[in-house]
Amino acid sequence: MEANNLKISKKHMNLPEKVKIFDTTLRDGEQAPGVALTTDEKIQIAQKLDHLGVSTIEFGFPAVSEGERESARLINDLGINANLCGLARVLKNDIDALLDCDLSYMHTFIGTSPLHRDFKLKMGKQEVIDKAITAIEYAKDHGITVEFSAEDSTRTEEDYLIEVYKAAEAAGADVINVPDTVGVLVPTTAKQLITSLKKELNLPISVHFHNDFGVAVANSLVAIEAGAEQAHVTVNGIGERGGNASLEELVMTLKIAYGMDLNLDTTQLFNLSEFVARITGIKMPPTKPIVGENAFAHESGIHVHGVLENAATYEPIAPELVGHKRKIALGKHTGANALKAKLEEYDIEMNEDQFNQVMKQVKALGDKGKCITDADLKAIAITILGKAKEEAIKLLGLSVMTGESVSASATVKLSINGNTKETSHIGVGPVDAALNAIQDLVKDTTDIELEEYNIEAITGGTDALAEVFVITSDKDGNKATGRATREDVIMASVDAVLNSINKIIMIKES
Ligand code: KIV
Ligand code: ZN
């Protein structure tokens, strides 16, 4: 049975018949600090957005560089279904740069708030209106679609804002966009503003909400309830400062809670999110709604029991709907049902006594606050079943050198399936050097990446015991934790990494 009680009453809403999704990942998303996309990356993201089915893709700002213009031309040549939009200030040069790329959709803006008028533009109210009119008329003379934004609209005097938008409408704009440039709206004010603009304007209204207070999606939803026909979003909500309204959150809420048909292939969402996170380097927290690693993960015995009987008990939507996967996680809250399901998933059969031993170890690890990966569980089960082979990799020797103004280096000697191998590596410190050497030595057996490294001193003093916890993964997606406690930090790190690599090898061979 599906979760079917999510639809909300639309009685007091002015919902539009259709809501368009305008994606600005490649423009506002790229303005997130540290993000710079190559032309090729922009092309790949644009293609994925087009497969998802968004109505407009704002690819960038043609006036800023030749690279931006090249991206525009190349994406244009793909013949995508979405409108391809470029950003332009209300300046002839910016508009010419956009026309030069043969774009037929322009998003143009000028600041309207007192802060922008007085400090950034140093223009009076009428001058701002005149600039907007000239730009819109110039673009319309060239036959393109014009979406007009009053930048910082939400800190602009409301009567003046209406005057600006009415002037834009009269000048021939096609869409009025309302940017909450510094994310100061809350749902109540967002609804009031859009309700009042809807009364005054005839053009479709679009919203572009930033997430400084974490309410950009909620604000976009109430704006739509008040009649906004379009919402600007970015994949994973990336963008300036706290980012923009998140595409996946807005789309899924409209689809599931509001029952709106957006004509999007939502099964693409998880893949798109992962791709953008990888390309931009902005990783999503595990708790990120819809696309986070834990968005469909269940650990507590009570929840897992419910989900195994009927997933809708603890899931508002099915993970497949967004291309994600349900995950039964193991930890201190794990119940017998979850463990049984996990062991069945891996075709591991055991008697009651063995099962109880596995459960005891899982709980003991969970009590220490540790996560238990699937590879960990398999390694525990294989050991309890007595099927564990001798560890494939053993440490035979280690020496490190470190100091001031020289690179740290480490020489590591390992026995790998009985063969002795030795190598030296440098690193930013002795631990890094030793781990680099291990990675190099084992690469023919298994290609390992260190995903997480944590160190904790568990007693005080210079001879404190150090506990190192790591997670490594291989290219097939196997992940295992490793832990070790020693007086020597470097030895603890090496032991922990070898512990996790041995688990990955063990489950691959089992
Ligand atoms: O947030 C904003 O105000 C913008 C403008 C370019 C419209 O992104
Ligand atoms: Zn913005």
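The values are calculated or read from the model by the stated rules, or taken from the named source; none is laboratory data. None of these values were measured; they are calculated from a predicted model. Glycine gets a Cβ as well: all are built from the backbone with ideal geometry, and neighbour counts include every protein chain shown. Note: areas computed on protein heavy atoms with side chains; ligands, DNA, RNA excluded. Shrake-Rupley method; radii C 1.70, N 1.55, O 1.52, S 1.80 Å.
Just one of (1) open to solvent by 40 Å² or more (accessible area, probe 1.4 Å); (2) in a loop (DSSP other than H, G, I, E, B); (3) outside the structural domain of Q230 (by TED's automatic domain parsing) fails for N263. It is (3). Here is a check on your reading of the model: is L247 away from ligand 1 (no atom under 16 Å from the Cβ) and either open to solvent by 20 Å² or more (accessible area, probe 1.4 Å) or modelled with pLDDT of 95 or more (or both)? Judged against the criteria, L247 is not a match.
Cβ separations smaller than 7 Å between residues 6+ apart or across chains give the following pairs from the stretch 476-490 residues that are of a type in the set (A, V, I, L, M) to residues that are outside any helix (DSSP H, G or I): A480/T373; A480/T472; A484/V468; V489/I455; V489/A466; I490/V400. Of the set (1) open to solvent by 50 Å² or more (accessible area, probe 1.4 Å); (2) of a type outside the set (F, W, Y); (3) within 16 Å of ligand 2 (Cβ to nearest atom), all apply to A88 but (1). The listed residues are F119, F148, and the only one of them that is at pLDDT 95 or above and closer than 18 Å to Q230 by Cβ turns out to be F148.
Can you confirm whether the stretch 206-214 contains a residue that is surrounded by 18 or more Cβ atoms within 10 Å (Cβ to Cβ), at pLDDT 95 or above and either within 24 Å of H142 (Cβ to Cβ) or away from ligand 2 (no atom under 15 Å from the Cβ) (or both)? There is at least one residue in the stretch 206-214 that is surrounded by 18 or more Cβ atoms within 10 Å (Cβ to Cβ), at pLDDT 95 or above and either within 24 Å of H142 (Cβ to Cβ) or away from ligand 2 (no atom under 15 Å from the Cβ) (or both). Give the stretch 118-145 a look and list any residue that's outside any helix (DSSP H, G or I), more than 20 Å from F61 (Cβ to Cβ) and open to solvent by 80 Å² or more (accessible area, probe 1.4 Å), or say none. If the condition is that a residue be outside any helix (DSSP H, G or I), more than 20 Å from F61 (Cβ to Cβ) and open to solvent by 80 Å² or more (accessible area, probe 1.4 Å), then K122 is the only one that fits. Scanning the stretch 198-214 for residues that are more than 12 Å from ligand 1 (Cβ to nearest atom) and either polar (S, T, N, Q) or in contact (Cβ under 8 Å) with a residue 12 or more places away in the chain (or both) returns K198, E200, L201, N202, L203, P204, I205, F213, G214.
When the stretch 222-237 is limited to residues that are open to solvent by less than 10 Å² (accessible area, probe 1.4 Å) and of a type in the set (V, I, T), the one that is farthest from ligand 2 (Cβ to nearest atom) turns out to be I224. Before we move on, is P62 within 16 Å of ligand 1 (Cβ to nearest atom), farther than 18 Å from A228 by Cβ and modelled with pLDDT under 95? No; evaluated as a whole, the condition is false for this residue.
Of all residues in the stretch 363-402, those that are closer than 30 Å to T423 by Cβ and outside any helix (DSSP H, G or I) total 16.
Does L103 satisfy being touching a Phe, Trp or Tyr at 6+ places or on another chain (Cβ under 6 Å) and either over 22 Å from V207 (Cβ atoms) or buried (at least 16 other Cβ atoms within 10 Å of the Cβ) (or both)? It is false that L103 is touching a Phe, Trp or Tyr at 6+ places or on another chain (Cβ under 6 Å) and either over 22 Å from V207 (Cβ atoms) or buried (at least 16 other Cβ atoms within 10 Å of the Cβ) (or both). If you go through the stretch 277-294 one residue at a time, do you hit one that is among the acidic types (D, E) and either at pLDDT 95 or above or in the same structural domain as K479 (by TED's automatic domain parsing) (or both)? Taking every residue of the stretch 277-294 in turn, none turns out to be among the acidic types (D, E) and either at pLDDT 95 or above or in the same structural domain as K479 (by TED's automatic domain parsing) (or both).
Within the stretch 271-285, one or more residues are farther than 23 Å from I21 by Cα, in contact (Cβ under 8 Å) with a residue 24 or more places away in the chain and surrounded by fewer than 19 Cβ atoms within 10 Å (Cβ to Cβ). All conditions in (1) modelled with pLDDT of 90 or more; (2) closer than 27 Å to K378 by Cα; (3) of a type in the set (S, T, Y) hold for T485, with the sole exception of (1). Using the structure shown, decide if L78 is under 22 Å from P179 (Cβ atoms) and in the same structural domain as E147 (by TED's automatic domain parsing). In short, no. For the residues T134, T189, T195, T112, the requirement of being within 16 Å of ligand 1 (Cβ to nearest atom) and at pLDDT 95 or above singles out T112.
Taken together, L161, L115 contain a single residue that is open to solvent by less than 20 Å² (accessible area, probe 1.4 Å), over 25 Å from L84 (Cα atoms) and part of a helix (DSSP H, G or I), which is L161. Cβ separations smaller than 9 Å between residues 6+ apart or across chains give the following pairs from the stretch 425-441 residues that are free of Cβ contacts under 8 Å to residues at least 60 places away in the same chain to residues that are acidic (D, E): H425/D432; H425/D440; I426/D432; A437/E422; Q439/D447; Q439/E449; L441/E422. Hey, can you tell me all the residues within the stretch 31-61 that are open to solvent by less than 30 Å² (accessible area, probe 1.4 Å) and either outside the structural domain of V182 (by TED's automatic domain parsing) or of a type in the set (K, R) (or both)? Of everything in the stretch 31-61, just one residue is open to solvent by less than 30 Å² (accessible area, probe 1.4 Å) and either outside the structural domain of V182 (by TED's automatic domain parsing) or of a type in the set (K, R) (or both), namely K42.
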